[in-house]
Amino acid sequence: MRLLIELSSLDNNPITIPIHYNHLVQSAIYGALDNDFADFLHDTGFEGGGRRFKLFTFSRLTGTYRFITETAEITYLSPVKLVVSSPVDKFCESLVNGLLTKDSLRIGPVTLRLQGVEVDRPVVVTDKASVHIETEIRVKTLSPVVVYSTLLRPEGSKYTCYFQPGEGDFSRLAKENLYKKHQALYGCTPPEGEIQIKPLRQPKLQIVKYKGFVIKGYSGILSMRGPASLLQIAVDAGLGAKSSMGFGLLEMINKNK
């Protein structure tokens, strides 16, 4: 399930926030959730494959904007839109209730008025009997996809290697991540099958700072092929790592486009 949230400034003036605002939106989402559920997500989460997942992701803010390089800020004209997605209905219900109760969302230095919330359920396949059958979808990224591995240098220090769509390690690591998310959500072994991910145009590198840490992700149009249930996880919970930090949100697009 995904929520399409429209927000406006209280005085209809431009909305100015730091350029690197992922952690501010993430904090705003936690703040809108029921306290007990927010604590569960933040402190525990859903376990799968030896990892713990929050099982939600969100988009970049969309709207008319301009960068203010001198102050490292971005200014949006009101209103702006935000998409939040999760396969966990309890998460979506709690977030909607919190938004409607408060009628606002605070993102860093600004408080935004809730203009509306729409609910959508993008479905990879409509036939439940086909959820484990291999299928193909085309998607565009609403937030950069992050796929990485932590490696060791000869002297023993660690470094992070990021991969882009089209590289073999990108598909392999993205598939492993989807397997673990499937286990975290359903508590069972995911269906067998390879996940093939191919860029349909040259991916665009995007560098985001999250609480001072540099994260590299890629945006673009992708073709994905594999078991439908795993592709559904990618659409609902995000593709790649660091989903709950605002990475890997996908939108299915018409195959003819």
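From the Kirkwood radius over Cα pairs of region 158-223, Stokes-Einstein at 4 °C and 1.567 mPa s returns a whole-number translational diffusion coefficient of 95 µm²/s.
Computed from backbone phi, the HN-Hα couplings of region 155-166 come to 7, x, 6, 9, 8, 9, 10, 9, 10, 10, x, x Hz, rounded to whole numbers (Karplus: 6.51 cos²θ - 1.76 cosθ + 1.60, θ = phi - 60°; Gly and Pro given as x).
Other residues lying with their Cβ under 13 Å from the Cβ of Glu176 contribute a combined charge of +3, Lys and Arg counting +1, Asp and Glu -1.
For the pair Thr101 and Asp43 in one chain, pulling the backbone fully straight at 0.36 nm per residue adds 18.4 nm over the alpha carbon distance. Pairs of alpha carbons in region 1-61 separated by more than 18 Å make up 49% of all such pairs. The mean sequence distance of close C-alpha pairs (under 8 Å, at least 6 residues apart), as a share of the length of region 64-178, puts its relative contact order at 10 percent. Annotation: Asp43 carries an accessible surface of approximately 110 Å², with a 1.4 Å probe and no ligand, DNA or RNA atoms counted. Selection among Val235, Ala28, Gln115 by position relative to the dipole of the chain gives Val235 as farthest towards the positive end (Cβ unit charges, Cα centre). A full extension of the chain between Asn12 and Leu152 corresponds to an added length of 45.4 nm, given 0.36 nm per residue minus the alpha carbon distance.
Tell me the trypsin sites (Lys or Arg not before Pro) within region 184-236 that lie in a loop according to DSSP and have at most 15 other beta-carbon atoms within 10 Å. Please list the in-between numbers first.
Details: sites: Arg201, Lys204, Lys209, Lys211, Lys216, Arg225; in loops: Arg201, Lys211.
Sites meeting the loop and neighbour criteria: Arg201, Lys211.
With all protein chains present, how much of the accessible area of region 21-143 (probe radius 1.4 Å) comes from carbon and sulfur, to the nearest whole percent? Summing carbon and sulfur atoms, their accessible area is 48 percent of the total for region 21-143.
Accessible area per residue for the chain in Å², computed with a 1.4 Å probe and the full protein assembly in place, what is it? Could you put the intermediate results ahead of the total?
On the way: 12990 Å² over 257 residues.
Per residue, the chain has an accessible area of 51 Å².
Please report, in cubic angstrom per residue, the volume enclosed by the convex hull of the alpha-carbon atoms of region 100-257. Kindly include the intermediate steps, with their values, before the conclusion.
Working: hull volume 26.9 nm³, N = 158.
That works out to 170 Å³ per residue.
In region 164-241, the portion of solvent-accessible area held by carbon and sulfur atoms comes to 49 percent [1.4 Å probe, whole percent, DNA, RNA and ligands not counted].
Return the equivalent ellipsoid semi-axes of region 1-122 as a descending list in whole Å, where each equals the square root of 5 times an eigenvalue of the C-alpha gyration tensor.
Values: eigenvalues 134, 54, 33 Å².
One finds semi-axes of 26, 16, 13 Å for region 1-122.
Gain on full extension, evaluated as 0.36 nm per residue between Val214 and Arg201 minus their Cα-Cα distance, stands at 2.2 nm.
Using the Cβ atoms and a cut-off under 9 Å, what net charge is assigned to the surroundings of Ser243, where Lys and Arg are +1 and Asp and Glu are -1? Present the calculation step by step, with values, prior to reporting the outcome.
Numbers: positive: Lys54, Lys181, Lys242; negative: none.
With Lys, Arg at +1 and Asp, Glu at -1, the net is +3.
The values are calculated or read from the model by the stated rules, or taken from the named source; none is laboratory data. Because the structure is a prediction, the values reported are computed rather than measured. Backbone-built Cβ (ideal geometry, glycine too); neighbour counts: all protein chains shown. These area figures cover heavy atoms from the full protein model, side chains too; ligands, DNA and RNA do not enter into them. Shrake-Rupley method; radii C 1.70, N 1.55, O 1.52, S 1.80 Å.
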